[in-house]
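Inspection log for the structure reproduced underneath, given as structure tokens.
The values are calculated or read from the model by the stated rules, or taken from the named source; none is laboratory data. Note that the coordinates shown come from a computational prediction; the quantities given were computed from them, not determined experimentally. When we count neighbours, we look across all protein chains shown, and the Cβ atoms used for this are built from the backbone with ideal geometry, even at glycine.
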Amino acid sequence: MGVASAMRQEDVLLPSYRDNGALLWRGVKMEEILLYWGGDERGNLSSGPPHDFPFCIPVGSQAPHAAGVAYALKFRKQQGVAVCLLGDGATSKGDMYEAMNFAGVHRLPVVFVVNNNQWAISVPLKLQTAAQTLAQKAIAAGFYGEQVDGNDIVAVREAANEAIDHARRGCGPRLIEALTYRLGDHTTADDAARYRLPQDVQMRWKEEPIARLRAYLVSQKAWGKAEEEELSSHCQREIDAAVERYLATSSRAPETMFEHLYKDLPAVYAAQREELEGLANA
């Protein structure tokens, strides 16, 4: 969210599937996110900026899209910047190298932000790359990469401000590596205790960014128990209301799954759609 808050309306966000916070900051409604993850394509018709991209599920494949968007922005002489959010695992994909190379050659207005939580599913960073940092991978593409403390929202916001402004001024791309740590399991199907020690994870909780920001604000007498309780209550009310709106959304007919596959639906799929329609009318 520190990155999203540095963006302007004309900028273009290209998120991965883990960037709900950035989407909310850009105006996407919680019930729209729930719709998407419920398998309903209407979740992609978000309330955020219409030029922002939807969730990207394949790891790293939004990086070439970001380079293409940035090329279009430069070609049209628009002031926007493409901001591409990725995980550390994406930097091991060819998509990322191709996108950075293209962005460097054409000095494109794009910022790649890598959330380095040091685990790509069950693979630690040292088994992904021999590079000392992910930020330095930008050097080969001819532009600047910076590693920042990803658990410090102030540092991330400052780095994002500088990188996006740099790209907006026509000075070319940037890469930000936000160094953090994945505190939970990769997914609900994952058991991270099988490949890392619980005590190692416990030590990392001391660096958890929300608790860290809270402690800083309290030390500055800008936050307290009353504000914390009110914020928590407000967030819970917002979540409960969004869940209710999501659950109240009418279901779509099964045959609508074919609506956005092809301009002209192939015969094999047309037959399947007709079969579903027949079952519904039976």
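Points to keep in mind about this one:
- Filter pass, Ala160 being assigned by TED's automatic domain parsing to the domain that holds Val105 and free of Cβ contacts under 8 Å to residues at least 12 places away in the same chain: no
- Where a residue in the stretch 30-55 is in a loop (DSSP other than H, G, I, E, B) and its partner, wherever it lies, is surrounded by 18 or more Cβ atoms within 10 Å (Cβ to Cβ) and aromatic (Phe, Trp, Tyr), with Cβ under 8 Å and at least six apart: Gly38/Tyr246; Pro54/Tyr36; Phe55/Tyr36
- Considering residues of the stretch 93-103 that are in a helix (DSSP H, G or I) and without any contact (Cβ under 8 Å) to a residue 60 or more places away in the chain only, the residue surrounded by the most Cβ atoms within 10 Å (Cβ to Cβ): Ala99
- Residue match in the stretch 201-210 (condition: loosely packed, with under 14 Cβ neighbours inside 10 Å, at pLDDT below 95 and of a type in the set (D, E, K, R)): yes
- Tally of residues being over 28 Å from Ala215 (Cβ atoms) and touching a residue at least 24 places away in the same chain (Cβ under 8 Å) across the stretch 167-186: 8
- Selection over the stretch 181-229 of residues that are of a type in the set (A, V, I, L, M, F, W, C), closer than 18 Å to Asn151 by Cα and not in a helix (DSSP H, G or I) gives a count of 1.
- Selection count, the stretch 230-282, where residues are at pLDDT below 95, of a type in the set (Asp, Glu) and assigned to a helix (DSSP H, G or I): 4
- Matching residues, the stretch 213-244, being over 22 Å from the mean Cα position of the chain (by Cα) and surrounded by 13 or more Cβ atoms within 10 Å (Cβ to Cβ): Arg214, Tyr216, Leu217, Val218, Trp223, Glu227, Glu228
- Checked across the stretch 104-116, the condition of being closer than 21 Å to Ala4 by Cβ, in contact (Cβ under 8 Å) with a residue 40 or more places away in the chain, surrounded by fewer than 20 Cβ atoms within 10 Å (Cβ to Cβ) and in the same structural domain as Asp185 (by TED's automatic domain parsing) holds for no residue.
- Failed condition for Gly172, given (1) within 23 Å of Trp119 (Cα to Cα); (2) part of a loop (DSSP other than H, G, I, E, B): (1)
- Options Ala66, Ala70, Ala22: the member that is touching a residue at least 24 places away in the same chain (Cβ under 8 Å), over 26 Å from Ile210 (Cα atoms) and under 14 Å from the mean Cα position of the chain (by Cα): Ala66
- Among residues of the stretch 1-15, those that are over 20 Å from Ala155 (Cβ atoms) and surrounded by fewer than 21 Cβ atoms within 10 Å (Cβ to Cβ), counted: 3
- Taken over the stretch 126-152, residues that are surrounded by 18 or more Cβ atoms within 10 Å (Cβ to Cβ) and within 21 Å of the chain's Cα centre (by Cα) amount to 10.
- Selection within the stretch 35-47: residues that are touching a Gly at 6+ places or on another chain (Cβ under 9 Å) and surrounded by 19 or more Cβ atoms within 10 Å (Cβ to Cβ). The member of this set that is nearest to Leu13 (Cα to Cα) is Ser46.
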